[in-house]
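What follows is a short report on a single structure.
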Amino acid sequence: LLVFTAACLLCLLRGSVALPLNCADESSSPVPCTSISQDKLLDRVTQHAEFIYRITEEVCNQYEELYIPYPLRGLKNQGGGTCTSMSFPNLGSKTEIQQISDMRLLHYMLILAQSWVEPLTYLQSSLKNNDHAPDTLVSQLKWVSDKLTRLEQGVVLLISMEEGGAAPPPAALQQALSEPQLGVPDSIFHEYNSLMCLKKDAHKMETLLKLLKCRQTDRLSCTL
């Protein structure tokens, strides 16, 4: 079982990165962690993905209730744009994804998480400038942004554990990330489209991480 010993990064799924991970679940006293198993890290990253998707879904529902007429809710690309992840190399069908290596899936999720750094910043700024946007909506989006950063850190650690050192993502994914990202939302529908894309990509990360987690125990029975 691989163990990573970078203490400054092991706090990634608990509060600020400046604070060490609390190991109260592993010993009788809450002491800072200096190591974490690959299985436990994958569990925590997967939990983060689940929470991110759940809160993103709540944000989308709340935004719809506030701004989107009922007949238009759930429609794709109302803002005239497309999701950034659509420019990424296609992972293929569910059957084909089952054959993809753990490392490639991890690299894909890393690029997916990184692709949302700027769009989430723009969305937060746009909603803050909207006098009618409730504080809960803004705070939930900030929460998603913070958790996504920690999920990204967790995936980086998983990649490092998998290969014994951080490896660069495949060139095709790097090129996709260099393409223009979602711009600053300039209308309600652009904001809505961005949120719908975020919800879709959050669900994709959650699904792929659950697949990786399943492979740790019974690879032959794992399904999407």
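What's the local net charge at Gln216, with K and R +1, D and E -1, over the other residues with C-beta under 15 Å away?
Details: positive: Lys40, Arg44, Lys210, Lys213, Arg215, Arg219; negative: Asp39, Asp43, Asp102, Glu162, Asp218.
It works out to a net charge of +1.
Taking R0 as 25 Å, what FRET efficiency do you get between Lys200 and Thr95 from their Cβ-Cβ distance, rounded to the nearest 0.05? The partial results should precede the final answer.
Details: r = 21 Å, r/R0 = 0.83.
Computed FRET efficiency for Lys200 and Thr95 comes out at 0.75.
Using the beta-carbon distance between Met86 and Gln62 and R0 = 30 Å, what value does 1/(1 + (r/R0)^6) give for FRET efficiency, to the nearest 0.05?
Details: r = 25 Å, r/R0 = 0.84.
Working from the Cβ atoms, E equals 0.75.
Any lysines with Cα under 25 Å of the Lys204 Cα? List them, leaving off those in the same chain fewer than 8 positions away.
Candidates past the 8-residue exclusion: Lys40, Lys76, Lys94, Lys142, Lys147, Lys213.
At Lys210 and Arg54, where each label point lies 7 Å from the Cα along Cα→Cβ, what is the point-to-point distance in nanometres?
1.3
If we sort 202-215, 54-67 on the protection proxy, mean other Cβ atoms within 10 Å, highest first, what's the order?
Details: 202-215: 19.3, 54-67: 16.5.
Top to bottom by mean Cβ count within 10 Å: 202-215, 54-67.
Return the distance in nm (one decimal) between the two label points of a simple spin-label model at Ser187 and Leu224, each offset 7 Å from Cα along Cα→Cβ.
3.3
Here, each number is a calculation from the coordinates, and none is a lab measurement. Small disclaimer: the values here were computed from a predicted structure and weren't measured. Every residue, glycine as well, gets a Cβ built from its backbone with ideal geometry; the counts of neighbours run over all protein chains shown.
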